[in-house]
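See below for the structure under consideration.
Every read-out reported here was derived from the displayed coordinates using simple, explicitly stated rules and does not represent laboratory data. Quantities reported herein were computed from a predicted structural model and do not represent experimental measurements. No Cβ is skipped: glycine too gets one built from the backbone with ideal geometry, and neighbour counts run over all protein chains shown.
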Amino acid sequence: MGIAQRMGRGVARLRSRRERDPTGTMTLVEHLSELRSRLINSILAVGAGSVIGWFLFQPVFDLLRHPYCTVIKAHPTLYPFGNPSNCALAYTSPIGPFVVKIKIVTFLGLAIALPVVLYQVWRFITPGLTGRERRYAIPFVLTSVVLFLTGATIAYLLLPKALDFLLGFAGTSLVAVLDVSTYVTFFMFMTLAFGVSFEFPMVLIALVMVGILNSQRLRKARRGAIVGIAVFAVIITPTQDWFTNLAIIVPLVIFYELSILVARYVLKK
């Protein structure tokens, strides 16, 4: 009988926390263990995505270079290396090309692994939700991916105009010798800034679902939220031009209003 009891305890320890506690209540140690597990899963997914990204480097690099080529072809006097159609980028250190490849491959790994990463985020917050709310996992992940890709696409489409605005300060006495690492960093920052910003409504919805916010609180905080969105747009955009700022401000304000409607009529909170 003693052996059976010990075996029963061993099986109980191996069961998941949701089987032990359907309500999802956890101690601090269990929260930290869960967070570690989700982080490890996310890192492994990004690593696997980076392996795939390694083989996609050249076509993706050509895609990254396209906004710069568009500006150089429109302003050939900025290009110091002969034929503007080449639109080559420079590097200033022997390890420059290697660093650029690592940056782009890691960026691709994150992009490819994004659904897995978002799913891990969702699974981490679900203990505080009801069984009905946990069923929103797939819509949450799919909507988050679509929003991120939408933001990244808008950033990509705005890049030629943003570069034209920035390089326009050169006048006729300067030429554009852009370091490839700096340009790739600028591209990645711009894309991530828009992609992450467009996750704003999902953050609000998650806060509503865990009980921190509700539709009434969101309505009361509307004016402050709009001011906060404007300040955030000015800080997060690297170009500081009005059209790039508006490209973030307008969608985020719309997302805020939609979040109120979702909280009130879908989540009933």
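Quick notes on this structure:
- Sequence-distant lysines (8 or more away, or on other chains) whose Cα lies within less than 28 Å of K269: K220
- Folded to 0 to 90 degrees: helix 242-261 orientation relative to the chain principal axis, Cα: 20
- Inverse of mean 1/r across different Cα pairs in the stretch 36-156, Kirkwood, Å: 17.1
- Straight-line reach from K101: taking Cα to Cα under 17 Å and skipping same-chain neighbours fewer than 8 places apart, no lysines fall in range.
- Tilt relative to the chain, helix 28-55 - C-alpha long axis, 0 to 90 degrees, to 10: 40
- Burial ordering of E34, E199, fewest other beta-carbon atoms within 10 Å first: E34, E199
- Evaluated over the stretch 144-269, the Cα radius of gyration and Dmax, each in Å: 17.4, 61
- When the chain is described by a simple charge dipole with +1 on each Lys and Arg Cβ and -1 on each Asp and Glu Cβ, the residue from S181, T244, F107 located farthest towards its positive end is F107.
- Between helix 2-14 and the chain there is an angle of about 30 degrees, using the helix long axis and the longest principal axis of the Cα atoms.
- FRET efficiency for the T185 to S33 pair, using the beta carbon distance and R₀ = 45 Å, is estimated at 0.80.
- Charge-dipole axis of the chain as Lys and Arg at +1 and Asp and Glu at -1 on Cβ define it, positive-most pick from I52, G96, Y265: Y265
- Relative packing of peptides 243-249, 232-238, 262-268 - highest average C-beta neighbours within 10 Å first: 243-249, 232-238, 262-268
- Take every Cα pair under 8 Å whose residues are at least 6 apart in sequence, average their separation, divide by the length of the chain, and the relative contact order is 21 percent.
- Once the chain from V250 to D164 is taken as fully extended at 0.36 nm per residue, the excess over their C-alpha distance is 28.7 nm.
- Directionally averaged projected area (the stretch 199-269, Cα convex hull): 4.5 nm².
- Chymotrypsin sites (Phe, Trp or Tyr not before Pro) within the stretch 56-90, DSSP loop, no more than 15 other Cβ atoms inside 10 Å: F81
- Amide hydrogen neighbours beyond the local backbone of L213, cut-off 5 Å, H modeled: V208
- By the rule of a C-alpha distance below 21 Å, with chain neighbours fewer than 8 residues away ignored, the lysines paired with K73 are K161.
- In a reduced charge model with +1 at each Lys and Arg Cβ and -1 at each Asp and Glu Cβ, the stretch 81-229 shows a dipole moment near 800 debye about its Cα centre.
- Put in order of Cβ neighbour count within 10 Å, fewest first, the listed residues W54, W122, W242 become W242, W54, W122.
- The charge dipole of the chain, taken about its Cα centre with unit charges on the Cβ atoms of Lys, Arg (+1), Asp and Glu (-1) only, comes to about 1460 debye.
- Percent of alpha-carbon pairs separated by more than 14 Å within the stretch 175-237: 70
- Choice from L252, L159, L39 with maximal GNM fluctuation in the chain (Cα, 10 Å cutoff): L39
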